[in-house]
Amino acid sequence: MAGPKHVAVLMGGWASERPVSLKSGAACADALESRGYRVTRIDVDRTIANVLTDLKPDVAFNALHGPFGEDGTVQGVLEILAIPYTHSGVLASALAMNKAKAKDVFHGAGLPVLPNLLVNRSDAARAHVLPPPYVLKPVCEGSSFGVLIVREDAVHPPQELYREDWRYGEILLAERYVPGRELTCAVIDGEPSEIIEIVPTGHAFYDYDAKYVVGGSRHELPAKVKPNIYQTIQKLTLAAHEALGCRGVSRADFRYDDSADEVILLEVNTQPGMTATSLVPELAAYRGMDFPALVSWMVEDASCGR
């Protein structure tokens with residue numbers, strides 16, 4: 001008789017989001033063990049293909065965030081090794097991680113995204129690349145790493161761009177700043193979730209600390225927006241998930257400007273955080289799926305060819 005399913009939880013890695021990934025991975029591993037799975041926790045390094053070849057797990061639970069874990073790279077390794085895995089496949093992961101490419105897909109699907117400009121860090125440091133207010137984002141980072149908001153009264157571009165220890169890449173995406181409210185919605189098992197409004201507490205925007213430090217933000221669930229806007233955001237969330245070809249769980253982030261009644265799709269996250277303060281577990285719990293049930297469903301949904 002076969003024993004419990006063996007799940008390798010991939011966490012850590014070497015991206016900027018390593019600390020978050022370690023927390024996500026530990027929480028998911030604990031939850032899976034509580035449901036009777038046999039779990040091996042792997043702090044991923046560049047020997048991961050050899051480690052998995054020796055381990056031969058039934059499933060890989062991908063709790064990595066950021067480059068390598070979220071950009072289609074590790075998904076390609078898992079495809080080659082024929083190990084079923086969670087979340088989205090190679091193409092959807094690569095597209096979603098590159099904010100500029102993802103926006104091209106969204107625009108082609110008729111979804112509301114902002115026009116954007118790709119600029120070199122050195123150019124963005126020398127002079128304003130757009131009329132303020134605007135936002136500068138690394139093209140391939142998550143958790144708001146390297147995101148800079150240039151206010152309307154800013155005389156100079158952000159001086160952080162001159163830092164020698166800047167590690168978020170040389171190509172930045174610039175787009176106009178949209179005032180208003182931060183809203184997020186997930187797709188779980190092919191259906192859009194309810195919507196959370198994120199209200200940063202003591203932070204200028206939903207930055208890294210607002211995301212991951214307890215008390216860094218307040219979550220309104222369900223978000224208090226007009227019914228037609230609520231339904232629009234749910235429809236857009238599912239449409240964005242499908243346009244990229246996502247699988248499993250994804251989460252879409254929006255800005256909603258009440259004064260202009262404008263909804264803007266910012267990005268889709270194919271590896272949403274799975275920590276105690278993360279949004280997707282909260283949204284799943286609201287629909288009656290507790291954390292162990294959520295990660296168990298993700299394991300049972302795992303496959304290759306995603």
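The table for this structure:
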| quantity | calculated |
| --- | --- |
| Exposure proxy order (Cβ contacts within 10 Å, fewest to most) of TYR168, TYR85 | TYR168, TYR85 |
| Cross-link pairs LYS23/LYS99; LYS101/LYS224; LYS103/LYS235; LYS23/LYS137; LYS23/LYS101; LYS56/LYS99 - those with Cα-Cα distance over 27 Å | LYS101/LYS224; LYS23/LYS101; LYS56/LYS99 |
| Coarse-grained scattering of segment 117-176 at q = 0.23, 0.28 Å⁻¹, given as base-10 log I(q)/I(0) from a Debye sum over alpha-carbon atoms | -0.88, -1.32 |
| Cleavage-rule hits, GluC sites (Glu not before Pro), segment 72-164, DSSP coil, Cβ neighbours within 10 Å at most 10 | GLU152, GLU164 |
| Point-to-point label distance, ARG218-HIS6, nm (Cα→Cβ direction, 7 Å offset) | 4.9 nm |
| Inverse mean reciprocal Cα-Cα distance (Kirkwood Rh) of the chain, Å | 19.8 Å |
| Stretchable slack from VAL155 to ALA260, in nm (0.36 nm times residue separation minus alpha-carbon distance) | 35.1 nm |
| Theoretical gain in end-to-end length, ASN50 to THR232 [0.36 nm per residue, Cα-Cα removed] | 61.0 nm |
| Extension gain, ASP123 back to THR40 (0.36 nm per residue minus Cα-Cα distance, nm) | 25.3 nm |
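Readers should treat all values here as calculations from the given coordinates under stated rules, not as data from a laboratory. Since we're looking at a predicted model, the values are computed, not measured. Ideal geometry is used to build each Cβ from the backbone, glycine not excepted, and the neighbour counts take in all protein chains shown.
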